[in-house]
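Enquirer: Encoded as structure tokens, here's the structure I'll be asking about.
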Amino acid sequence: MGRKTKVIAEADPAYAGQAAYTPALLRVYDTIVLRISNRWVWRCPTSKLVAHYEANVGPDHLDAGPGTGYFLDVADLPQLRGLVLVDANPAVLQHAGRRLARFEPELLEANVLVPIDHPGGVDSVGCNYVLHCLLGTLGEKGEAIANLTRLLRPGGVLFGSTILAEPQGLTALGRRLLEAYNRKGVFGNASDTRAELERMLAEHLTHLEIEIQGAVAVFRGTRPA
């Protein structure tokens with residue numbers, strides 16, 4: 001599994017956000033979330049997120065919250081030569097690690113809300129669909145962005161996406177699902193808005209870009225030199 005830092009204890013309120021990703025869910029995640037929910041509920045086609053990976057992954061890449069490994073698997077990434085996968089859930093690391101075995105990834109079990117023990121810098125960090133699974137305000141979630149940004153080389157790119165709670169971006173079904181997921185602790189984004197996301201990211205990144213697609217904010221920025 002590789003080196004470990006602090007992981008999330010079962011008594012921690014944040015545990016539910018990552019514990020939902022069981023081996024059983026991971027087997028159907030691509031179908032339920034990437035093929036159905038992204039298109040019809042959150043209205044951000046998965047193909048857009050694949051293109052975001054293709055545009056931003058550097059030669060040495062770290063992916064926080066890799067899920068099933070889908071995006072790194074299907075994206076055209078001829079430049080990728082080194083890969084680190086970071087997650088608090090060992091089931092996610094095992095699943096994604098198997099899928100991405102051709103890249104010989106390093107698997108690092110870690111909580112993004114505490115400093116991550118990884119020597120050296122990387123060219124890019126991905127945190128796709130991570131922030132809306134963290135509890136607290138976007139200001140508080142900035143600790144995760146700070147920890148991930150520290151892993152970048154100066155000028156390196158941090159990119160990702162997150163589901164927002166702004167009503168204009170949500171379908172009726174999206175509102176119901178977002179409320180249900182927040183009650184269960186699987187999501188922690190009931191107050192997340194574009195303005196708060198932009199304010200938080202700007203504290204850590206320069207050349208910030210945010211695009212709203214349906215209920216999803218797709219973002220990128222660079223670590224200051």
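The values are calculated or read from the model by the stated rules, or taken from the named source; none is laboratory data. Quantities reported herein were computed from a predicted structural model and do not represent experimental measurements. All Cβ positions, glycine included, derive from the backbone under ideal geometry; neighbour counts span all protein chains shown.
Enquirer: Listed residues Val7, Val41; which is β-branched (Val, Ile, Thr) and at pLDDT 95 or above?
Expert: Working: Val7 fails: at pLDDT 95 or above.
Answer to the check: Val41.
Enquirer: Okay, moving on. Tell me the residue from Gln168, Gln213 that is over 30 Å from Gln94 (Cβ atoms) and in contact (Cβ under 8 Å) with a residue 12 or more places away in the chain, please.
Expert: Working: Gln168 fails: in contact (Cβ under 8 Å) with a residue 12 or more places away in the chain.
Testing whether each residue is over 30 Å from Gln94 (Cβ atoms) and in contact (Cβ under 8 Å) with a residue 12 or more places away in the chain leaves just Gln213.
Enquirer: Return the only residue of Ala55, Ala51, Ala64 being crowded, with 18+ Cβ neighbours inside 10 Å and either charged (D, E, K, R) or out of contact with any Asp or Glu (no Cβ under 6 Å at 6 or more places or on another chain) (or both). Give the steps one after another, and end with the answer.
Expert: Working: Ala55 fails: crowded, with 18+ Cβ neighbours inside 10 Å; Ala51 fails: crowded, with 18+ Cβ neighbours inside 10 Å.
Being crowded, with 18+ Cβ neighbours inside 10 Å and either charged (D, E, K, R) or out of contact with any Asp or Glu (no Cβ under 6 Å at 6 or more places or on another chain) (or both) holds for just one of Ala55, Ala51, Ala64, which is Ala64.
Enquirer: Out of Leu72, Leu80, report the one residue that is among the aliphatic types (A, V, I, L, M) and closer than 15 Å to Tyr129 by Cβ.
Expert: Working: Leu80 fails: closer than 15 Å to Tyr129 by Cβ.
Result of the check over Leu72, Leu80: Leu72.
Enquirer: Among the residues of the range 162-170, is any hydroxyl-bearing (Ser, Thr, Tyr) and in contact with a Cys (Cβ under 9 Å, 6 or more places away or on another chain)? So that I can check it myself, show each step before the final result.
Expert: The initial filter retains those residues of the range 162-170 that are hydroxyl-bearing (Ser, Thr, Tyr), namely 162.
Now narrow it down to the ones that are in contact with a Cys (Cβ under 9 Å, 6 or more places away or on another chain): 162.
Yes.
Enquirer: Related question: Out of Arg183, Arg223, Arg199, Arg175, I need the residue that is in contact with a Lys or Arg (Cβ under 9 Å, 6 or more places away or on another chain) and among the basic types (Lys, Arg). Which one?
Expert: Exactly one residue qualifies, and that residue is Arg223.
Enquirer: I'd like to verify a number: residues in the range 60-84 that are part of a strand (DSSP E or B) and free of Cβ contacts under 8 Å to residues at least 40 places away in the same chain, how many?
Expert: First, pick out the residues of the range 60-84 that are part of a strand (DSSP E or B): 60-64, 82-84.
Filter once more, keeping what is free of Cβ contacts under 8 Å to residues at least 40 places away in the same chain: 83-84.
Summing the residues that are part of a strand (DSSP E or B) and free of Cβ contacts under 8 Å to residues at least 40 places away in the same chain in the range 60-84 gives 2.
Enquirer: Look at the range 74-94 and say how many of its residues are surrounded by fewer than 19 Cβ atoms within 10 Å (Cβ to Cβ) and farther than 13 Å from Glu104 by Cα.
Expert: The number of residues fulfilling the criteria is 8.
Enquirer: On the given criteria, is Val112 buried (at least 22 other Cβ atoms within 10 Å of the Cβ) and under 21 Å from Asp30 (Cα atoms)?
Expert: Numbers: buried (at least 22 other Cβ atoms within 10 Å of the Cβ): yes; under 21 Å from Asp30 (Cα atoms): no.
The answer is no for Val112.
Enquirer: Of the residues Thr206, Thr193, which is out of contact with any strand residue (DSSP E or B) (no Cβ under 6 Å at 6 or more places or on another chain), surrounded by fewer than 20 Cβ atoms within 10 Å (Cβ to Cβ) and β-branched (Val, Ile, Thr)? Full working, then the answer.
Expert: On the way: Thr206 fails: out of contact with any strand residue (DSSP E or B) (no Cβ under 6 Å at 6 or more places or on another chain).
On inspection, the qualifying residue turns out to be Thr193.
Enquirer: Search the range 20-57 for residues being charged (D, E, K, R) and part of a helix (DSSP H, G or I), and hand back the single one that is nearest to Phe219 (Cα to Cα).
Expert: It comes out as Lys48.
Enquirer: Would you point out which residue out of Glu211, Glu198 is of a type in the set (Asp, Glu), assigned to a helix (DSSP H, G or I) and modelled with pLDDT of 95 or more?
Expert: Values: Glu211 fails: assigned to a helix (DSSP H, G or I).
When all the criteria are applied, what remains is Glu198.
Enquirer: A follow-up question, please. Could you tell me whether the range 137-146 includes any residue that is under 29 Å from Gly58 (Cβ atoms), surrounded by fewer than 17 Cβ atoms within 10 Å (Cβ to Cβ), touching a residue at least 40 places away in the same chain (Cβ under 8 Å) and over 13 Å from the mean Cα position of the chain (by Cα)?
Expert: Within the range 137-146 (the criterion being under 29 Å from Gly58 (Cβ atoms), surrounded by fewer than 17 Cβ atoms within 10 Å (Cβ to Cβ), touching a residue at least 40 places away in the same chain (Cβ under 8 Å) and over 13 Å from the mean Cα position of the chain (by Cα)), the answer is yes, since at least one residue qualifies.
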